[in-house]
Structures are given as structure tokens and as C-alpha cells.
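Heads up, the thing below is written out as C-alpha cells.
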Amino acid sequence: CPATDPVAEALGAKPLDAETSLNYSVGAVMHFGMVSLTIDAYQINIDDRIVLSENLTDAVVRDFLQAQGVIGVGGGRFFLNGVDTETQGVDLVLHWPVESENMGRFDCTLAANFNQTDVTRVPPPSDALGEIYAPDDPPPLFGRLNTLAFEEGTPSDKFVATVNWNLRSFGATLRATRYGEALDAG
């Protein structure tokens, strides 16, 4: 859909296109008696992700917008295409049931996920920003903090231990989850 916001248009917003993705995965299930192990590996490439631009709010932008007839606006940001990402990961699930004649059935599961996301391309500054700033000094549309939010803003690992217990008409679930570290780039 075309950009209709005069601030976004003045700052170089373009109509958005659909994101595209290509996913690869391979998995295996192994049984060792009653115990099963599932392993899934994957890679997800997303091109032209729709992201929010940096806040463009400095004095040069405000003066430019005012010269374009946009009065009373201190800057702007807009949605744009152009960030490409690659995520690689592996999921592991170990499951084993334990039957007890007097205590019921215990279904025990250990699960882990390991993944990494990399930003492989960011959009160049728009032509409009090149007109606003010196041609060799336009600000990025998708800067380092936004890149860090994609790459480090979610945990790169997660562990879950679950025990489901059933005895006749009674049941209970105990679950513990541990997330790895994540960066708060905000």
C-alpha cells in the first residue's frame, strides 16, 4: 500500500512489499525402549522484513519538514522493508514415561532450544535523507540498537523440564522453564 503520511513521505518512505522467507528443516526421532529423543534443526531466512525505522528527530529533520510545509512536527519514523535475517537453531526433546502401580503414571520431558538470529542486510539511508543531510552523512534507517534487538533481544537458549502425573482420575503437571540471557537494547 502506498505511503500516505506526509511526514513519512518527506523522509523517504516507500510502499511496502510482502516479506519473503525460505525455511529449511531436518529432524529425527530415536527410540530407546520407552524413551524417545527428537532432534529438529532449522534455518529460516527472511528477506525484506517490515521494520520500524529509527526515530528521525534531530534539528536538521525538523527544519527540513518545516520547509516542506509540515508544521509542528518534531520528526518521524515509518515502516519500511529491507532488513534481512537468518535464524539457525536446533530443538531437542527427551521424553520418558514411568509407570508405577501404586503412584500412577509420570510422563517426564526435557526440552531444549538453541538458536541464533543474524541481521544479514539493513536498508541504506533513503534518497530523501541524502537530500536533508550532507550526502556522506545521512543517519541509518535501521541502526545498531535495532540490529542488536533482532540479534540479542531474545534468548538464544531455552530449557523446559515437565512432569505430568496421572493416577486414576487425578492429575497434576509440574513445569520449570529457564530462558537464556537477552539484551534489552531499549
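The values are calculated or read from the model by the stated rules, or taken from the named source; none is laboratory data. These figures come from a predicted structure and were not determined experimentally. Here the Cβ is made from the backbone with ideal geometry for all residues, glycine too, and neighbour counts use every protein chain on show. Please note that ligands, DNA and RNA were not included when accessible areas were found on the heavy atoms of the full protein model with its side chains. Shrake-Rupley method; radii C 1.70, N 1.55, O 1.52, S 1.80 Å.
The set of residues in segment 39-72 that are closer than 28 Å to GLN116 by Cα, of a type outside the set (Asp, Glu) and either in a loop (DSSP other than H, G, I, E, B) or in contact with a His (Cβ under 8 Å, 6 or more places away or on another chain) (or both) comprises SER53, ASN55.
In segment 15-33, is there at least one residue being among the aliphatic types (A, V, I, L, M), under 27 Å from the mean Cα position of the chain (by Cα) and in a loop (DSSP other than H, G, I, E, B)? First the steps, then the outcome.
Narrowing segment 15-33 to residues among the aliphatic types (A, V, I, L, M): 16, 18, 22, 26, 28-30.
Right, trim to under 27 Å from the mean Cα position of the chain (by Cα) and you get 16, 18, 22, 26, 28.
Narrowing further to those that are in a loop (DSSP other than H, G, I, E, B): 16, 18.
So far as segment 15-33 goes, yes, one or more of its residues are among the aliphatic types (A, V, I, L, M), under 27 Å from the mean Cα position of the chain (by Cα) and in a loop (DSSP other than H, G, I, E, B).
Might you check whether a residue that is in a helix (DSSP H, G or I), surrounded by 15 or more Cβ atoms within 10 Å (Cβ to Cβ), among the β-branched types (Val, Ile, Thr) and out of contact with any helix residue (DSSP H, G or I) (no Cβ under 7 Å at 6 or more places or on another chain) occurs anywhere in segment 89-111? Please lay out each step first, then the result.
Pass one, segment 89-111, residues in a helix (DSSP H, G or I): none.
Scanning segment 89-111, I find no residue that is in a helix (DSSP H, G or I), surrounded by 15 or more Cβ atoms within 10 Å (Cβ to Cβ), among the β-branched types (Val, Ile, Thr) and out of contact with any helix residue (DSSP H, G or I) (no Cβ under 7 Å at 6 or more places or on another chain), so the answer is no.
A residue that is free of Cβ contacts under 8 Å to residues at least 40 places away in the same chain, among the charged types (D, E, K, R) and under 28 Å from ARG62 (Cβ atoms) occurs somewhere in segment 143-162.
To keep it simple, each residue is scored yes or no on (1) farther than 27 Å from VAL35 by Cβ; (2) part of a strand (DSSP E or B); (3) open to solvent by 40 Å² or more (accessible area, probe 1.4 Å).
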{"position": "ASN81", "(1), (2), (3)": "yes, yes, no"}
{"position": "ASP118", "(1), (2), (3)": "yes, yes, yes"}
{"position": "GLU131", "(1), (2), (3)": "yes, no, yes"}
{"position": "PHE150", "(1), (2), (3)": "yes, no, yes"}
{"position": "ALA161", "(1), (2), (3)": "no, yes, yes"}
{"position": "TRP165", "(1), (2), (3)": "no, yes, yes"}
{"position": "ALA176", "(1), (2), (3)": "no, yes, yes"}
{"position": "ALA182", "(1), (2), (3)": "yes, no, yes"}
